[in-house]
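Below is one structure; the comments refer to it alone.
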Amino acid sequence: MVPKAGFRLADVDVENDLIEKLQVFCRIRRTSVEVYFDGGLPGQPSRGKFGNVTAFFVRRGKTADEAIEKRLQALGKTARNWAVVSSDRRVRSAALEAHARSISSEEFSSFLSEATDQEFGDIETEPRVDPDDVSLWLKEFGEE
């Protein structure tokens, strides 16, 4: 899975950010997600569980695209219950061959942004207080 242009998944912070957004997606849709990243490091776990998000860190010498294709093959007929998010033609073709739904990274990224904005967009870090209310409270409690 590759997020929209401008993201560089080689950056751990970007990977973590994507995992956090996928966790929100999982909460909203009540589902689970698998995400595949290139460049797993030797000696590090090849997969991690983050709530309903399972991240696979594909070791050098293999690619995330290859791992996704292998996963689709392993799913067999149940692949039709899955959606694959990628803008890579080969991966999207493999998804369609497996009868899985294929969604472009850009399309999913837009949906993901909208979903996370809905969940967190209305949260304010500072409470908003109307200045007129403050004046009223000060008069009511005798402090001016």
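The values are calculated or read from the model by the stated rules, or taken from the named source; none is laboratory data. Predicted, not measured: the structure shown is a model, and the values here were computed from it. Because the Cβ atoms are built from the backbone with ideal geometry, glycine has one as well, and the counts that use them run over all protein chains shown.
List of remarks:
- Enumeration of residues in the stretch 50-67 that are closer than 24 Å to residue 21 by Cβ and over 16 Å from the mean Cα position of the chain (by Cα): 58, 63, 65, 67
- Of the residues contained in the stretch 66-74, none is found to be closer than 22 Å to residue 30 by Cβ, surrounded by 13 or more Cβ atoms within 10 Å (Cβ to Cβ) and among the aliphatic types (A, V, I, L, M).
- Test: residue in the stretch 112-119 that is at pLDDT 80 or above, under 28 Å from residue 28 (Cβ atoms) and surrounded by 10 or more Cβ atoms within 10 Å (Cβ to Cβ): yes
- Output for the stretch 43-78, where each listed residue is on the phi > 0 side of the Ramachandran plot and part of a loop (DSSP other than H, G, I, E, B): 43, 51, 61
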